[in-house]
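Student: Before I ask anything, here is the structure I am working with.
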Amino acid sequence: MSQTALETLIDALHRLPGVGVKSAQRMAFHLLQHDRQAAAELARALDGALTAVHHCARCYTFTEGELCPVCSDDARDARQLCVVETPADQAALERTGSYHGLYYVLMGRMSPLDGVALSDLGSQGLVQRALDGVVEEVILATSFTAEGEATAHVLAQGLKSRGLKVTRLARGVPAGSELEYVDLSTIAHALNDRR
Ligand SMILES: [Zn+2]
């Protein structure tokens, strides 16, 4: 029995994180009944993003070029590589204005309960990236949640075994915190006090 177009739409919306079946139905009905123009724009935006956006060849974040703007910036200190979970965390560090090195964006963190293993993240490229001969220090700035700590622990083992200097943001950041929601001076301190 084949699905109707409406059922297919509801299923697709239901696959988004945090969207239950009821919410997916509400979104579909809203778009089709009240805002067909927004629905068309959403379809075009998705199509455009899927075509244009891919991973930066150096740091794995989303970008539309071969390299993202940060990796393309010659003024950055290529001896420091800061590992973050998401582009939002990277943006939080950038806003402090106190970090001038480069980044590696994992696009997530290990989460055994949700079935996310280290191998599902951009972590494989990290070791290769860190061994470019220029990087002198890898700063682990994953979140201070249980999953973020576990991710940092496993990454540190892998990087240290290859002779790389690895540091972790200091513990000024409250336990359980997503970096993106922590205030800037706290992040800046955690960065300066890393060990
Ligand atoms: Zn990049």
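Where a number appears in this text, it was derived from the coordinates with a stated rule and is not lab data. In this text the structure is predicted, and so the values were computed from the model without any measurement. Using ideal geometry, Cβ is built from the backbone for each residue, glycine included, and neighbour counts are taken over all protein chains shown.
Student: If R₀ is 41 angstrom, what is the calculated FRET efficiency for the pair VAL154 and HIS34, using the beta carbon separation as r and rounding to 0.05?
Tutor: So, using R0 = 41 Å, E works out to roughly 0.30.
Student: Where does the chain land at 222 nm, in deg cm²/dmol rounded to the nearest 500, when only DSSP H runs of n ≥ 4 count, each adding -39500 (n - 2.57), divided by all residues?
Tutor: Calculated at 222 nm, the ellipticity per residue is -13000 deg cm²/dmol.
Student: When a footprinting reagent is the concern and you count Cβ atoms within 10 Å, what order do MET110, MET27 take, fewest first?
Tutor: Ascending number of Cβ neighbours within 10 Å: MET27, MET110.
Student: With the alpha-carbon atoms as the only input, what is the per residue convex hull volume for region 54-195 in Å³?
Tutor: In region 54-195, the Cα hull volume divided by residue count equals 101 Å³.
Student: Then there is this: Among PRO112, THR96, ILE139, whose Cα sits farthest toward the positive end of the charge dipole of region 91-179 (+1 at Cβ of Lys/Arg, -1 at Cβ of Asp/Glu, about the Cα centre)?
Tutor: Positive-end residue among those listed: ILE139.
Student: Also: Applying 1/(1 + (r/R0)^6) with R0 = 22 Å to the Cβ-Cβ distance of SER2 and ARG26, what FRET efficiency is obtained, to the nearest 0.05?
Tutor: Given R0 = 22 Å and the Cβ-Cβ separation, E is 0.40.
Student: Next up: Could you check the simple spin-label distance between LEU16 and LYS165, using points 7 Å along Cα→Cβ, in nm with one decimal?
Tutor: Calculated label separation equals 4.5 nm.
Student: Another question, if that's okay. Over the chain, with a Gaussian network built from C-alpha contacts below 10 Å, which listed residue (GLY20, GLY101, GLY148) shows the highest mean-square fluctuation?
Tutor: GLY20
Student: While we're looking at this one, here's another question. Taking the beta-carbon count within 10 Å as an exposure proxy, list LYS22, LYS160 from fewest neighbours to most.
Tutor: Ordered from fewest to most neighbouring Cβ atoms within 10 Å, LYS22, LYS160 come out as LYS22, LYS160.
Student: Sorting TYR104, TYR181, TYR99 on the 10 Å Cβ count, fewest up front, what's the list?
Tutor: TYR181, TYR99, TYR104
Student: Computed on alpha carbon atoms, what radius of gyration and Dmax characterise region 1-127, expressed in Å?
Tutor: Rg, Dmax (Cα atoms, Å): 18.9, 59.
Student: Okay, moving on. What distance in nm lies between label points placed 7 Å from Cα along the C-beta direction at ARG195 and ASP77?
Tutor: Each label point lies 7 Å from its Cα, and together they span 2.0 nm.
Student: Please list, ordered by chain and number, the residues whose modelled amide H lies under 5 Å from the amide H of VAL166; skip anything fewer than 5 residues away on the same chain.
Tutor: VAL138
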